[in-house]
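For reference, the structure is listed below as C-alpha cells.
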Amino acid sequence: MSPARFIPLAEENGLIAPIGERVLRSACRQAARWQRDGLALRTAVNLSPLQFKAPGLLTSIRAILDETGLAPRFLELEITESGLMQNSDANLATLWGLRDLGIRLGLDDFGTGYSSMSYLKQLPFTHIKVDQAFVQGLPDEADSLAIVKAIVSLARNLGFAVTGEGVETLDQASLLKSLGCEAMQGYFFSEPVAAEDIPGLLGTHWVVDKAAQVADQDEGC
C-alpha cells in the first residue's frame, strides 16, 4: 500500500504515534549495527506532524537512543514544512531540544507549505529538502527551474545545506549539482534496498560510477 494512502489513515485513527515510534526504534537499531561495524552511515527518519507535536517526543527519542546505543550524530529527523504551521513556540522548543541532543534536522518537502521567511530563519535545521514535485520538472520546465534556483539560493544564504528529492535522471542530478545542491536522493542512484544489502552496495564501484557520471556531465554544461 502506498504511504500516500497508509499514513493519512494512520494519522486519522490515532495509530501514527506508536507506528512512528516503532519505525524510529527499528531504524536506530539498524543504524547502531552499522555504527558498530565501522560504517559511519547517517540514517534519516520522517516524523509525522502529529508525532512531532505529541507530548513526550524528546523523552521518547532519548530513550530510543539510549536503548539502541546509537550516537545522536548518526540520526537525522525530517519534518515536513506543513507540520510546523501551528504552535510556533512549542515547535521551536521541540526542534531546539532535538538539536541539543546532537540530532540533525531536515525540513522536508520544502516549497509545498506555508512557512514565513521570518519563521524559517529561527528554525534550527541543518538542511532543507527540495520537494520532488519541483525536481521532476527539471531540466525542461522553466517554472520548476526558477523555483528550485530560488529555494537553493535561499537555503544557502540562511546557512542550510540542500538535498534534492526524487532525482531520476542524470540531467536532473547534474543540474542540481551545478546549482549548489550538496546531496540528492532518488531512483537515479538506487531503488530501495534491504538493510543487509547496503554494506555490499557501498563496497562496489557502482556508487563511485554514479558520482562520476554527475561530475562529468556537470563539467560539460
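Derivation of every value follows stated rules applied to the coordinates shown; laboratory data play no part. What you see is a predicted model; the values in this text were computed from it and never measured. Counting neighbours? That spans all protein chains shown, and the Cβs are built from the backbone with ideal geometry, glycine included.
Quick look at the numbers
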quantity: Rel. contact order, % - alpha carbon contacts under 8 angstrom, at least six apart, the chain; calculated: 13
quantity: Under Karplus coefficients 6.51, -1.76 and 1.60, residue-wise ³J(HN,Hα) of region 9-15 in Hz, glycine/proline x; calculated: 5, 5, 5, 5, 9, x, 8
quantity: Label-point separation, Thr126 to Glu182 (7 Å along Cα→Cβ), nm; calculated: 0.9
quantity: For the chain, convex hull volume per residue from C-alpha positions, Å³; calculated: 133
quantity: Top of Thr80, Thr59, Thr112 by mean-square fluctuation, Gaussian network on the chain, Cα under 10 Å; calculated: Thr59
quantity: Rounded to the nearest 20 debye, dipole of the chain from Cβ charges on Lys, Arg, Asp, Glu; calculated: 880
quantity: Nearest-20 debye value, region 50-159 charge dipole, Cβ charges on Lys, Arg, Asp, Glu; calculated: 400
quantity: In order through region 155-164: 3J(HN,Hα) via Karplus (6.51 cos²θ - 1.76 cosθ + 1.60), integer Hz, x for Gly, Pro; calculated: 4, 5, 5, 8, x, 9, 6, 10, 10, x
quantity: Relative contact order of region 1-114, pairs being alpha-carbon contacts under 8 Å that are 6 or more residues apart, as %; calculated: 25
quantity: Computed Rg/Rh of region 1-119, alpha carbon atoms with Kirkwood Rh; calculated: 0.97
quantity: Cα gyration tensor shape of region 135-197, rounded if a/c is under 1.5, else prolate or oblate by comparing a/b with b/c; calculated: oblate
quantity: Inter-label distance, nm, simple model (7 Å from Cα along the C-beta direction), Leu201/Ala146; calculated: 3.6
quantity: Interchain or long-range residues, amide H under 5 Å from Arg104's placed H; calculated: Leu75, Leu77
quantity: Anchor Lys129: aspartates and glutamates whose Cα lies under 15 Å away (excluding residues fewer than 8 positions away in-chain); calculated: Glu76, Glu78, Glu81, Asp108, Asp109, Glu165, Glu182
quantity: Proximal charge balance of Lys53 [Cβ under 13 Å; K/R count +1, D/E count -1]; calculated: -2
quantity: Table column - 3J(HN,Hα) (Hz), region 177-190, Karplus curve with 6.51, -1.76, 1.60, x for Gly and Pro; calculated: 4, 5, 7, x, 7, 6, 9, 9, 9, x, 5, 4, 8, 5
quantity: Cut-off 14 Å, label 7 Å out along Cα→Cβ of Gln136, residues of region 154-171 by amide N; calculated: 165-169
